[in-house]
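Accompanying notes for the structure given below.
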Amino acid sequence: MTLETQNESLLNQFSNDSLSKDLISNLDRSIKSAKNKLHEQQHDDGHWVYELEADCTIPAEYILMNHFVGEINDKTEEKIATYLRTQQNKEGGWSLYTGGNFDLSCSVKTYFALKLIGDDQHEEHMIRAKKMILNHGGAAHCNVFTRITMALFGQVPWRATPFIPAEVIILPKWFPFHIDKVSYWSRTVMVPLFILCTLKPSAANPRGIDIRELFIIPAEDEQNYFKVTTPLKRVFLILDHIGRLAEKLVPAFIRRYSIRKCEQWFLERMNGKYGIGGIFPAMVNVYESLVVLGYSKDTPERKLARNAIDALLTQRGNAMYCQPCVSPIWDTALVSQALIETEYKQHVSTEIETALNWLKEQQLSDEPGDWRIQKPELSGGGWAFQYSNYYYPDLDDTSMVAWAMHRTNNKSYSEPIQRAANWVAGMQSRGGGFGSFDINNTHFYLNEIPSADHGALLDPPTADVTGRAIALLSLADKKIYEKNINDGVNYIKSEQEEDGSWFGRWGTNYIYGTWSVLTALEISGEDPQQPYIRKTVEYFQKTQNSDGGWGESNDSYYPPKHYRPFKSTAFQTAWALLSLLATGEVKSIVVKKGVNYLLNNQLSNGQWYDDSYTAPGFPRVFYLKYHGYSKYFPLWALARYRNLLQKIT
């Protein structure tokens, strides 16, 4: 029986119920409850921001940073230790996300942090962790960034780390590796790291802690720190070896000049009290570099860097963790989208207006930015992800903010919408796709260099960001941006998976990617009856859980990449519903079951509970939990469903 036949049969049975006033009434109550809770959580100036949680790597690195520079805060660190202990899984290690497998690098850093804080290696939880680490090859087989941390603490020799001297900053643009050829997050992390890897400082480590017990053979005797998996990687490792041999030939004045260039580069991008790039790993590397370069505690630069890091600390009862960054622009745009869906067209609430006015004030214009290196003639008009990150506006956030503004039909937003659309259109990459922060950031061979074992050095176009960009350009002016839209749609078609879904780079995973694409295709005017779109309807039917919801594991990012089922979550169910509604499946029994899942799982406070990590920072390496996703996405989906139901009754 086809999906259409099944729907028709079931709808004959349930049609009276589906379109009844009782259903609308239930939806109204649910929507009102969720909306009221969001209103309560709005800040006085109009914005929303929810916690953004990562795995234990981030709070562990905060501890390691403190002990590297010798600035120990026992009270804070004990709270972080409480958090780290509670995240340990039953096998004894630490994972990158809820329900995930043991991760060696995360576990080594967390173990090291706990030991620095004062946990004895003979305590039960430490013994279990050590056993898991040794069973997975020991600390010698951690990823590159963990080995660099261990080298700073004298736990591994510097030959265990890639050769990335400060002179990299002065390489010409035509050189195979140049700092402008990698993503924004790679730049901001790597440039201060060049200084650390060049000067090779020793951590203060006031308590003299080591983790020798985590190595199967002594770290200095280990010969296999780098794995040769491809011919190109072998070439880069040979070049790495040659570079080490040639390093002693570098004149002292060239070294001093290169270090100074790295220092100037990150000082220009300090981003005030919000920290370089708005991301924790880059902030830590900058702070440690400032200390190594001799900046005293009283210097403004060092104070700013430290305060930006400490601002990310988040209290949770008697525990504390460190956020990797904050997401006020993204959260505010998405809450606004959900609330706009709940309102009648002729009415925009005070809460929405205040939020969009706050967003309007955050739009960037003529500020400096690395994106200008590739597009110097393009006028600014983007939004960042964080409170401030003016060097690195984000196409995804920009498109979502301007899309929300457009839905209000408020003429005061016309100018910021047009500036945003002009900037987004100008950032379209070859082939029709859009990356997140850069244009044509597709030098894929760089993912083979020794320092890129995380496989996320670049910012290439992706289907989810491309979908958002298409949505904005379609709303802003279909005629002016016709070629951009057509090229984007063609790119999206070329990226569709065999099962009908799309890969989600910035949300887990195929459910997120498909939602991002289908909502955009609806706005762009694509006929939902086309075979490639109908294929996605079948995809959501096949992946729906028995409870009516949808869920997808972060395991789907591991090869072979494909959808891997998981328990239903409110936010992934909402993405699936918004996808199906965008294809015209309002009367579908599949949609009805999904709606019932959300209605049945709403909490008494009007929101939904989810403990799942909702997005990758870097697939297979670093994952995020947006605490706001279970608060506003289900509301958006239910309001959208109610509105479409009312149109057909």
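Throughout, read-outs are computed from the coordinates displayed, never taken from laboratory work. The structure presented is a predicted model; accordingly, all values stated were derived computationally and were not measured. Because the Cβ atoms are built from the backbone with ideal geometry, glycine has one as well, and the counts that use them run over all protein chains shown.
Computed from the C-alpha gyration tensor, the three semi-axes of the ellipsoid equivalent to the stretch 553-598 are 24, 12, 8 Å, from longest to shortest. Give me log10 I(q)/I(0) at q = 0.09, 0.12, 0.14, 0.21 Å⁻¹ for the stretch 327-495, Debye formula, one equal scatterer per alpha-carbon, no solvent. After summing over all Cα pairs, the log10 values are -0.31, -0.54, -0.72, -1.40. Here the stretch 327-495 is assigned +1 on the Cβ of each Lys and Arg and -1 on the Cβ of each Asp and Glu. Its dipole about the Cα centre then comes out at about 660 debye. A simple packing score, the average count of other Cβ atoms within 10 Å per residue, orders the peptides 595-605, 487-497, 199-209, 104-114 as 104-114, 487-497, 595-605, 199-209, with the highest score first. Scalar couplings 3J(HN,Hα) for the stretch 366-374, obtained by applying the Karplus form with A = 6.51, B = -1.76, C = 1.60 to θ = phi - 60°, are 9, 5, x, x, 5, 4, 5, 4, 8 Hz; x denotes Gly and Pro. Taking the square roots of 5 times each eigenvalue of the Cα gyration tensor of the chain, largest first, gives ellipsoid semi-axes of 43, 28, 24 Å. Let's test the formula: R0 of 51 Å, r as the Cβ-Cβ distance of E247 and Q646. What FRET efficiency results, to the nearest 0.05? Efficiency computed from Cβ-Cβ geometry: 0.15. The distance linking the stretch 146-169 with the stretch 107-142 is 21 Å (Cα centroid to Cα centroid, whole angstrom).
For a test of the definition: using alpha carbon positions, the gyration tensor, and the 1.5 limit on a/c, classify the stretch 540-630 as rounded, prolate or oblate. Walk me through the numbers on the way to the answer.
Working: a/c = 2.12, a/b = 1.32, b/c = 1.61.
Because a/c hits 1.5 or more and a/b fails to exceed b/c, the stretch 540-630 counts as oblate.
Note on K32 and N73: their simple-model spin labels are 4.5 nm apart, each label 7 Å out from Cα toward Cβ. In a DSSP loop and with at most 10 other Cβ atoms within 10 Å, the trypsin sites (Lys or Arg not before Pro) in the stretch 306-362 are K345. Computed from backbone phi, the HN-Hα couplings of the stretch 521-529 come to 4, 4, 5, 6, x, 5, 5, x, 8 Hz, rounded to whole numbers (Karplus: 6.51 cos²θ - 1.76 cosθ + 1.60, θ = phi - 60°; Gly and Pro given as x). Overall, the chain carries a charge dipole of about 540 debye about its Cα centre when +1 sits on the Cβ of Lys and Arg and -1 on the Cβ of Asp and Glu, all other atoms neutral. Converting the Cα gyration tensor eigenvalues of the stretch 53-322 into ellipsoid dimensions via √(5λ) gives semi-axes, longest first, of 30, 24, 16 Å. The gain in end-to-end length when the N596 to Y344 segment is fully stretched comes to 88.4 nm, 0.36 nm per residue minus the alpha carbon separation. When the charge dipole of the chain is built from unit charges on Cβ atoms (+1 for Lys and Arg, -1 for Asp and Glu) and taken about the Cα centre, the candidate among M405, Q87, G208 whose Cα reaches farthest toward its positive end is G208. Between N101 and E40, the FRET efficiency from the beta-carbon distance, with R0 = 56 Å, is close to 0.90.
With the convex hull built on the Cα atoms of the stretch 589-649, state its orientation-averaged projected area in nm². Numbers along the way, then the final one.
Values: hull surface 22.1 nm².
The number I arrive at for the stretch 589-649 is 5.5 nm².
Between the residues Q530, G467, S105, the greatest Cα displacement towards the positive end of the dipole of the chain, with unit charges on the Cβ of Lys, Arg, Asp and Glu, is found for S105. Placing +1 on the Cβ of every Lys and Arg and -1 on the Cβ of every Asp and Glu, with no other charges, gives the stretch 53-322 a dipole of roughly 740 debye about its Cα centre.
Which pairs, out of K90/K561; K375/K411; K478/K587; K375/K483; K90/K227; K109/K200, put more than 21 Å between their alpha-carbon atoms?
On the way: K90/K561 27 Å; K375/K411 29 Å; K478/K587 30 Å; K375/K483 19 Å; K90/K227 30 Å; K109/K200 19 Å.
Violating the 21 Å Cα-Cα cut-off are K90/K561; K375/K411; K478/K587; K90/K227.
Extents of the stretch 498-568, taken as max minus min of Cα coordinates on every principal axis and listed largest first, are 33, 26, 19 Å.
In units of the compact-protein estimate 2.2 N^0.38 Å, the stretch 70-183 shows a Cα radius of gyration of 1.30.
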